[in-house]
1. Cα convex hull of region 199-271: how many Å³ per residue?
2. Excluding same-chain pairs closer than 8 in sequence, count the lysine pairs in region 56-114 whose Cα atoms lie under 18 Å apart.
3. What's the lysine pair count for region 199-271 at a Cα cut-off below 21 Å, pairs eight or more apart or interchain?
Amino acid sequence: MSKTIIYYFSGTGNSRFVAERLKDRITGAIIKPIVENARKSTIENAQKSTIDNATKSIGFTFPCHFGDMPYIVKDFIGQLEIPADTYIFAVVTRGGGKGDTLLNLQEVLSKKGCRLHYGVSMRMQMTYLPAFYYNMMFLHGRSGSRNTQKVNDKIERISLYVKEKREFIEWRNPIEAKFEKVLNHRLLNFDLRGLDSEFSAGENCSGCGICADICPVKSSTLSDGKPVWQHNCTHFMGRINYCSREAIEYGGRTAGKRRYHHPQVTVKMMKEQ
Ligand SMILES: Cc1cc2nc3c(=O)[nH]c(=O)nc-3n(C[C@H](O)[C@H](O)[C@H](O)COP(=O)(O)O)c2cc1C
Ligand code: SF4
């Protein structure tokens with residue numbers, strides 16, 4: 001049976017949820033965390049990750065970060081060895097506009113002699129808490145229930161198209177593109193890696209360690225029962241949203257804002273990344 005590998009990366013569970021649901025609907029599909037695979041290929045003598053001959057299609061599900069792929073996803077796909085005849089699909093989860101994410105993914109793939117056959121985006125909950133002066137979670141509802149039906153229907157459709165190996169790429173609408181360029185101008189020219197000085201854990205931190213355990217790049221450790229940031233944070237927003245005590249803040253920009261993580265993606269699942 002031909003195999004499908006779905007590589008996923010997820011900061012707050014949305015993309016993991018999509019990967020799980022696609023796996024359930026595509027016979028012979030398995031999911032693999034991008035972070036673990038990226039780490040393994042670095043640790044094991046900087047070997048590249050390779051795909052075996054039985055794999056006929058591969059998919060990527062990950063969030064849009066500032067109109068692009070998260071750094072870790074771009075680096076991982078860049079070093080992945082993909083046989084030329086592989087069917088490649090991608091589902092980008094997003095809270096607003098997807099920017100140039102699919103275009104940039106196509107560019108990374110074409111440098112490797114491959115191409116994206118099917119690429120779509122899926123609107124879910126906005127998880128970048130510091131960016132907004134108003135509470136995005138309020139718009140979507142804490143559990144994201146307003147979106148649930150739409151998301152499930154879209155996953156169903158995507159799985160059918162992928163099984164049929166259809167070709168379609170959801171390129172950007174030029175008006176949306178212009179608007180986003182203005183909106184994201186400062187952020188898109190800004191490398192956030194390592195900028196963690198504004199994170200802090202307040203009095204109500206219980207020292208449970210969940211924040212350190214779920215961070216895919218291990219950007220904090222616990223010292224005297226409190227998280228200490230290690231200056232390699234990439235702003236995935238997993239910890240701030242998964243802390244059940246809502247003890248983590250980012251400067252003055254997150255106080256009072258609702259936290260969100262996908263309701264069906266548990267801490268245990270996040271630790272698997
Ligand atoms: C650092 C960061 C940057 C983001 N930038 C964008 C963006 O440019 N456009 C957008 O639509 N959503 C953006 N989002 C929202 C996420 O793409 C969206 O919430 C996604 O579904 C989160 O998926 P995850 O739970 O798998 O991490 C951003 C989120 C984060 C954490
Ligand atoms: S998850 Fe929250 S409560 Fe637990 S150690 Fe981190 S900041 Fe403290």
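1. Values: hull volume 6.3 nm³, N = 73.
Taking the convex hull of the Cα positions in region 199-271, it is 86 Å³ per residue.
2. On the way: LYS56/LYS112; LYS74/LYS98; LYS74/LYS111; LYS74/LYS112.
For region 56-114, qualifying lysine pairs total 4.
3. Working: LYS218/LYS226; LYS218/LYS268; LYS218/LYS271; LYS226/LYS268; LYS226/LYS271.
Close lysine pairs under the 21 Å cut-off: 5.
Every read-out reported here was derived from the displayed coordinates using simple, explicitly stated rules and does not represent laboratory data. Since this is a predicted model, take the numbers as computed values, not measurements.
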